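The values are calculated or read from the model by the stated rules, or taken from the named source; none is laboratory data. All values derive from a computational prediction rather than experimental measurement. FYI the Cβ positions are ideal-geometry reconstructions off the backbone, even for glycines, and counts take in every protein chain you see.
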Amino acid sequence: MRPKIPDILVDDIDKVVQNSSYQSKGEFIRDAIRHHVDETELKAHDNVVDDEYGISVGIDQRTGNNIMIDRFNRAVGYNSIFSGMVGSGKTVSIQSEIIRENPTKNLDIVVIDIFGSYSSVCHSLGGKVNEITDKTYINPLGVVSPLDKYYNEDIHSVDEHIDMFVDFIRRYLSFHGSTVLDDVSSQSVIRMATRQAYMSANEDLSRPILSPTLNNVIRELANIALEPQHYVEHSEDETEIGSHASKLLSEMYEIRDSNYYYNDDDNSFAPDELKINDSGITTFNLENINNSDECSLLMQSLIYTVYKYAKSTPNNVWLVVDEAHKLIGENMNWLEQMIRHSRHYDFGMTLAFQELSQVKDKNPIFFRTMTSNIPLVKIHKQYDTDVLRPFLSQSEIQTLRTSMGGDYENGSDGFYCVDGESYHVKLQLSDDEKELIGINN
């Protein structure tokens, strides 16, 4: 006879499922089994504005209450948006939250830092600053095997790697004026070559261990171009397949010979200088990358690296992406998928923009997807306020227009929007926090 489940536990499960992003009780129970969620943890994660489990993000100007945010609460899906013009206090607001989260054995914080703004905090907290230069090597095909708790036999993890790589190559080529991967047949050929590269390195494609490189994909493309008859499926034309492979080859040689994405070691992945500081804070500093398109591609590659790392560690992982508008392009499926799936891997992203209109103007579809799937938004002073209407009332927008911005002596103003509720908060830093951030009194 099965034991009776206590009523209090049933009520707690119902409450968690109702107030979070779980689609069903079954999904929650699977997570509970994986993570060994107990009764205490059930009660702990039912409110994102949480004075016991969260960190202080400022004082509510309407009530005088200290607003505490639990970033790793299921209700917010771990992801957040920060937006504010230069000098509005956006960056310092993020830096203060990094300090207050206090990277521990259960939390890894990673920052993709465009201007070197986070180096002082990183050094102060004993973290590692990685300077990204033209001597840096990143493998866009790098493999990190997921932990058993993330492994699903029904989903071959190599397919996700292939999707990421093809998105990366398509973006790279479009930045360099090539439209070769706009063609569906060319996409099919590059996927075929990429899969063959993974197969050559791994016996079991459901759990790849070794990482091929661009050179391996180029070799497979050359094989397809020379002997397309061996790669024909169904009603495909071998001449057409060979032609697509030849066109792709010339494009791939240029990528391989760039400074960032090629290495002679066929099975290498992210050298030591790019490894993430386990149980601490790591920054990737891109201030020496002058080309805007190259910077965008490097940001995308680094996000892939952190996302894959999050699957390989039992820790929570928080990734901060500064100047995230540089990522926004025509095809944002890769980032949409990460936003949707991140909570399954205890992985959260903070996307920081100067103006939310930067996203809406470049890709309105992605803007809608992003804002509908990220219910935690911190808004600082900015010029274009029309785009803020889904988050703030007209009176709140007017308050934001007249806010003090980054006034660290009296406290910087901003609005924290949490799942439809807005809080007018003023952030005040202690002297110790100012010193850690590098603010002169």
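General remarks:
- Among the residues making up the stretch 410-425, those that are modelled with pLDDT under 90 and part of a strand (DSSP E or B) are Ser412, Asp413, Val418, Glu421.
- Inter-residue pairs, beta-carbon under 8 Å, first within 16 Å of Glu330 (Cα to Cα) and in the stretch 350-367, second among the basic types (Lys, Arg) and surrounded by fewer than 21 Cβ atoms within 10 Å (Cβ to Cβ), 6+ apart: Phe367/Lys360
- Test result for Asn288, at pLDDT below 80 and assigned to a loop (DSSP other than H, G, I, E, B): no
- Qualifying residue in the stretch 311-322 (condition: touching a residue at least 40 places away in the same chain (Cβ under 8 Å) and assigned to a helix (DSSP H, G or I)): yes
- Residues of the stretch 338-349 that are of a type outside the set (Val, Ile, Thr) and either surrounded by 23 or more Cβ atoms within 10 Å (Cβ to Cβ) or touching a residue at least 40 places away in the same chain (Cβ under 8 Å) (or both): Ser342, Arg343, His344, Tyr345, Asp346, Phe347, Gly348, Met349.
- For the stretch 141-177, the candidate set comprises residues that are hydroxyl-bearing (Ser, Thr, Tyr) and modelled with pLDDT of 80 or more; within that set, the residue that is farthest from the chain's Cα centre (by Cα) is Ser174.
- Filter result (in contact with a strand residue (DSSP E or B) (Cβ under 6 Å, 6 or more places away or on another chain) and either surrounded by fewer than 21 Cβ atoms within 10 Å (Cβ to Cβ) or not in a strand (DSSP E or B) (or both)) within the stretch 107-129: Leu107, Gly116, Tyr118, Ser119, Cys122, Leu125, Gly127, Lys128, Val129
- For the criterion of being closer than 18 Å to Lys326 by Cα and surrounded by fewer than 18 Cβ atoms within 10 Å (Cβ to Cβ), Asp386 fails.
- In the stretch 342-400, the residues that are part of a helix (DSSP H, G or I) and under 19 Å from Asp60 (Cα atoms): Gln394, Ser395, Glu396, Ile397, Gln398, Thr399, Leu400
- When the stretch 130-140 is filtered for residues that are more than 17 Å from Val320 (Cα to Cα), within 22 Å of the chain's Cα centre (by Cα) and surrounded by fewer than 17 Cβ atoms within 10 Å (Cβ to Cβ), only Thr133 remains.
- Test: residue in the stretch 337-345 that is of a type outside the set (A, V, I, L, M, F, W, C) and more than 26 Å from Ile98 (Cβ to Cβ): no
- Candidates Val180, Val184: the one that is surrounded by 15 or more Cβ atoms within 10 Å (Cβ to Cβ), among the aliphatic types (A, V, I, L, M) and either on the phi < 0 side of the Ramachandran plot or at pLDDT below 85 (or both) is Val180.
- Taken together, Ser235, Ser246 contain a single residue that is at pLDDT 80 or above and surrounded by fewer than 21 Cβ atoms within 10 Å (Cβ to Cβ), which is Ser246.
- Considering the stretch 130-140, and only residues there that are more than 19 Å from Tyr307 (Cβ to Cβ) and assigned to a loop (DSSP other than H, G, I, E, B), the residue that is modelled with the highest pLDDT turns out to be Thr133.
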